[in-house]
Structures are given as structure tokens and as C-alpha cells.
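Visitor: So that we are looking at the same thing, I have put the structure below in C-alpha cells.
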Amino acid sequence: MEFSTQTSASLHQIKTAALGVGVFAEGILSPAAELIDRASNGAVSAAVKAEFKGKPNTHLVLRNLPGVKAERVILVGLGAQEEYKAATHTQAQACLASYCLKADLKEAVSALSSIDCKGTTLRSRAQDAAVAVCRASYRYTATFSKPEPAPQLSQFLLWTARTQASEAKAGLEQGQAIGNGVNLTRLLADLPGNICTPTYLGKTAKQLAKEFKTLKAEVLERKQIEALKMGSFLSVAKGSDEPPAFIVLRHTPSTKTKHEDGPIVLVGKGLTFDSGGISIKPAGNMDEMKYDMGGAASVLGTMRAIAELNIDREVIAVVASCENMPSGRANKPGDVVTSMSGQTIEILNTDAEGRLVLCDALTYVERFKPAAVIDMATLTGACVVALGHVNTGLFSTDDDLADELMQAGKQTGDTAWRMPMDDAYQEQLRSNFADMANIGGPPAGSVTAACFLSRFTKAYRWAHLDIAGTAWRSGKDKGATGRPVPLLVQYLLNQCR
């Protein structure tokens, strides 16, 4: 899809299949809607008075208005004017895009980003618009025998003043890259586990490296992983016939600007299917455990986005990927394994496998002397209980890093909530037979999982994102969300300023 700007001052003279303008609740027209209303001799205000309430996520299509060259004027509801904010703007852009896609239109012009919104700039609104349109255009077709035709919407333009066009274009460029990263993440996560295997993720990383010159991929196989003495990671992988993959994807900016504080490292949990192992999960909804590689998918999606933008910062992605399956070789409750760090772990529950995979990856990344390490994982059901599906759980031993991630989440609407990590929680991980247990019992389950990971991150600044509640949706709208790609890309962009 092509994103661009439309700088014509005469909104009613723009020839397009669809022109989107905003309407607030109680019939209050946005400035763009007022322009169209005057050009059409009051047709917009008459339609609003007759049948449109301006509620968020609603629209009304007006065709062939007198004095207006657009084939359709799409009135998009914005809600109460005093409550209008960035999230409402994004929702409005998505509403417009969804209509255009369903109507099989090839191009559209949106005047929605021209509406001032507290706490935003035109650039940020343009970025949010592009992300929203990319999200709306996503269709999963990979495993259908007769997939529906792809959407025809190929051009989406933002109406803006000529003097602001460069600002809007910069926002659109960033938003499109983020949107492309989000949609790659969604596709990888939505693919079934028999297709999206650890090997498949490795091939995806190599394909990204072929597509973008700033990326370089390396995929370590079992023997190489064994040589690194990743006993914790391999203990999970050994229960499956699928071979594990340890993926390293490095972005080196073409400008080769050197940052003295080292690269930023992203670590993703890549359980392409999690049965729970010997501590097997209930059958209900177990199909959704194909989403247990949501952390890996979001890491790869983020790397795609930053490579497209060629951000001026070295970023290294690490993905530890395998399956967690029950077999004669699988971990058993009570087993003790030795991690790459040399610390021993008593496995009390084989379904707490994500931390067993991540801990070796977190030890591995020490070699990069990173400025910061951020891991993301669909780690605990306890985080879903605590935060639901709105906020990602954020855990960190570094206040500044936590604040930076929180701010990036607020900027993009991909929000996170910081959770506690008091030392007192560490006591729950005590074991009589190893340096630590892999679970701390039901109380504060997401916190003790983060505390477990923290024991492998003493050498650098670190944050953990628990995306178990935000990486996918269940029910009739089942599917991956692409979170936390917007948060991560915005954080990385902010580090380049």
C-alpha cells in the first residue's frame, strides 16, 4: 500500500473514491466536515441532524454530494469533542480504512489527521493513521484452500496543508514500517504450529536479512546450542521431534554511527507450540498455544520495521525457539537442569517452560555488552489475571528503562503497566535441591516469573514484557494483535533522538 499526502486547499475539489471527515457527538462538525458542508449547501449537517450521532467507531456514507468531487464522503464518528484523544483518532482512521476495504475501493483520502488532538502532533497522528490502516488491511489467508481476494485499497492519502506535508510524510513513513512489522508478527503468530516451527522462524529471519541490507541473520542448530551449554533451553526442546533453533538477527545501520553504550538487544520467547509438557495443559483452548511464540514473532516484526526505517542504532534480536511436548525424553517434574550461566534449576512444573528457554538466551546476550536488554514473552496466565487484555505487564530492575518503555507505550497506544519486583518475592523461588525452582507457587505468579529471569540479567539494564494478555485475542475474533511491536519500535526511535 502507498501512503502519501494530499495538499489541495480546496477539499471539495479533490477527486477520490472516498473522502473521510470527522463528526463529533451532538452534531459538531470538524473543520474539514464544515468545508464539505459549505461546499454542498448544508448536505453534511442535514445528514448528521437526520441520522448520524457521531459515536466512535461508526460511519455514514454520503454519495455524490452537490459541489463535491469525491464519489463518497465518509462521515466518521469521533465521540464527545472534549474527550477526543489519540486513541479515538486511531480508531476513527481504522473505521475509515475498514469501510474502504469492505467496499473494495482502490484509494481514499482522510482529513481526520487534520483535527488537533491533545498530546499529539501531526507527525504522530500520521504515524497512528498508517498503523491503523495497515492493521485494517491484514487478512490471514495462508491455510485456506480458496482464500478471499486481497483488499484492493492501494493508496491512502492524508489531507494536510502544504507547509506540513513533510511532517505528515515522515509520520506516514514510520507508521507504515510499524504497520508492516505488526502484520508480519500477526502472520507468524496466526500460522499453525505444524507450519510455523522453530525452523520456519529461522528461515523467516534469513529472508528478512535477504530483503534488508542492514540485517544479518545467524541460526544456531542443536549441536551449536549444546556447545554453548544451554542446558535449560535444551531440556525443554528435547521433548519434541522438532529441532530447536537459536536465532540471532542483527541490525547495523548503513550510516555506521557508533554508540558508545552498546547495542540494544531484544529477546523473544519462541515456543511454537506449548502443550505444557508432562504438566500437560487442559484440552480446552490448547490450540491457542501456537501463540506461545508471540514474543519471537514480535521481535522479528520489530526488526523488520526498524530495518525498513534504517534507524540509526545497532539492534540485535535473539530468539530461542522450540516446542514443549510430552514424550519419553521430556522434562519431568522434579528434574534438575543446569543453565548456560551455571545456575541449577529444579523443574517443579514443566508448563513453566518459557523462563527455562529465556534464561539461557539472557545469559547468551551478555557477549554483546548491551546498553539495554528487553525480553518479551507470553509468559504467565497470572499476568492475564492481573492486567487482562489491555496492558502488557512491564517488569524491570531499571527505573529509567521502565519509564522509557512506558512512555513509548503511551505514544503508540500500545500500553504497558509496571509491576513490582521486590526482593521479597525471590524467596518463593527457593528450592531444597537446586539454586532455584522454576515456579514460585500461585501467589504473584507473573512477578515470580520475572524474578526468575532477573537472576540471569545482572550484567546489564533489563526489562521484561509479559504479553500473555495482549499478544492475541480469543473467541470469534481469534487472532494475533501484533503487540508489542508499536511500543518497541517507538522506544527504539526515541533512543535515536
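The values are calculated or read from the model by the stated rules, or taken from the named source; none is laboratory data. Note that the structure is a prediction, hence the values are computed from the model and not measured. So basically every Cβ, Gly included, is an ideal-geometry build from the backbone, and we count neighbours across all protein chains shown. The accessibility values were calculated without ligands, DNA or RNA, using every heavy atom of the protein model including side chains. Shrake-Rupley method; radii C 1.70, N 1.55, O 1.52, S 1.80 Å.
Visitor: Out of curiosity, is Gly301 assigned to a helix (DSSP H, G or I) and buried (at least 24 other Cβ atoms within 10 Å of the Cβ)?
Guide: In short, yes.
Visitor: Let me ask another. In region 92-106, which residues are touching a helix residue (DSSP H, G or I) at 6+ places or on another chain (Cβ under 8 Å) and either within 15 Å of Thr412 (Cβ to Cβ) or not polar (S, T, N, Q) (or both)?
Guide: Scanning region 92-106 gives Ala92, Gln93, Ala94, Leu96, Ala97, Leu101.
Visitor: Check every one of the strands (runs of 3 or more DSSP E) wholly within region 68-160 and list those with 2 or more residues that are aliphatic (A, V, I, L, M) and more than 25 Å from the chain's Cα centre (by Cα).
Guide: Once the strands (runs of 3 or more DSSP E) in region 68-160 are filtered for at least 2 residues that are aliphatic (A, V, I, L, M) and more than 25 Å from the chain's Cα centre (by Cα), what remains is 72-77, 107-110.
Visitor: Can you tell me which of Asp466, Asp403, Asp422, Asp398 is open to solvent by 30 Å² or more (accessible area, probe 1.4 Å), within 21 Å of Thr363 (Cβ to Cβ) and not polar (S, T, N, Q)?
Guide: Checking each option against the conditions leaves just Asp398.
Visitor: Is region 477-495 home to any residue that is modelled with pLDDT under 95, charged (D, E, K, R) and closer than 23 Å to Met293 by Cβ?
Guide: Yes; the residues of region 477-495 include at least one that is modelled with pLDDT under 95, charged (D, E, K, R) and closer than 23 Å to Met293 by Cβ.
Visitor: Let me ask something additional. Could you list, in sequence order, all residues of region 219-245 that are of a type in the set (A, V, I, L, M), surrounded by fewer than 24 Cβ atoms within 10 Å (Cβ to Cβ) and assigned to a helix (DSSP H, G or I)?
Guide: Ile225, Ala227, Leu234
Visitor: While we're on this one: When you look at Ser4, is it surrounded by 14 or more Cβ atoms within 10 Å (Cβ to Cβ), touching a residue at least 60 places away in the same chain (Cβ under 8 Å) and of a type in the set (Gly, Ala, Ser), yes or no?
Guide: Taking the combined requirement at face value, the residue satisfies it.
Visitor: Val44 passes all but one of (1) assigned to a helix (DSSP H, G or I); (2) among the β-branched types (Val, Ile, Thr); (3) open to solvent by 10 Å² or more (accessible area, probe 1.4 Å); which number fails?
Guide: (3) is the only condition that Val44 fails.
Visitor: Looking at Ala130, Ala126, Ala87, which is the one that is open to solvent by 40 Å² or more (accessible area, probe 1.4 Å), aliphatic (A, V, I, L, M) and in contact (Cβ under 8 Å) with a residue 40 or more places away in the chain?
Guide: Ala87
Visitor: Ala39 fails exactly one of the following numbered conditions: (1) surrounded by 15 or more Cβ atoms within 10 Å (Cβ to Cβ); (2) in contact with a strand residue (DSSP E or B) (Cβ under 8 Å, 6 or more places away or on another chain). What is the number of that condition?
Guide: Result: Ala39 passes all but (2).
Visitor: Ok, one more. Against the definition (closer than 29 Å to Ser154 by Cβ, open to solvent by less than 30 Å² (accessible area, probe 1.4 Å) and assigned by the TED database to the domain that holds Val489), how does Ala189 come out, yes or no?
Guide: Here the answer is yes, as Ala189 does meet what is asked.
Visitor: Between Ile316, Ile345, Ile311, which is farther than 20 Å from Leu465 by Cβ, of a type outside the set (D, E, K, R) and either in the same structural domain as Leu453 (by the TED database) or under 28 Å from the mean Cα position of the chain (by Cα) (or both)?
Guide: None of the others qualify; the one that does is Ile345.
Visitor: Gly409 fails exactly one of the following numbered conditions: (1) crowded, with 17+ Cβ neighbours inside 10 Å; (2) small (Gly, Ala, Ser); (3) out of contact with any strand residue (DSSP E or B) (no Cβ under 8 Å at 6 or more places or on another chain). What is the number of that condition?
Guide: The number of the failed condition is (3).
Visitor: Using the structure shown, decide if Asp312 is part of a helix (DSSP H, G or I) and open to solvent by 50 Å² or more (accessible area, probe 1.4 Å).
Guide: no
Visitor: Name the single residue, out of those in region 195-216 being part of a helix (DSSP H, G or I) and of a type in the set (Val, Ile, Thr), that is most open to solvent (accessible area, probe 1.4 Å).
Guide: Looking at the filtered set, the residue picked out is Thr199.
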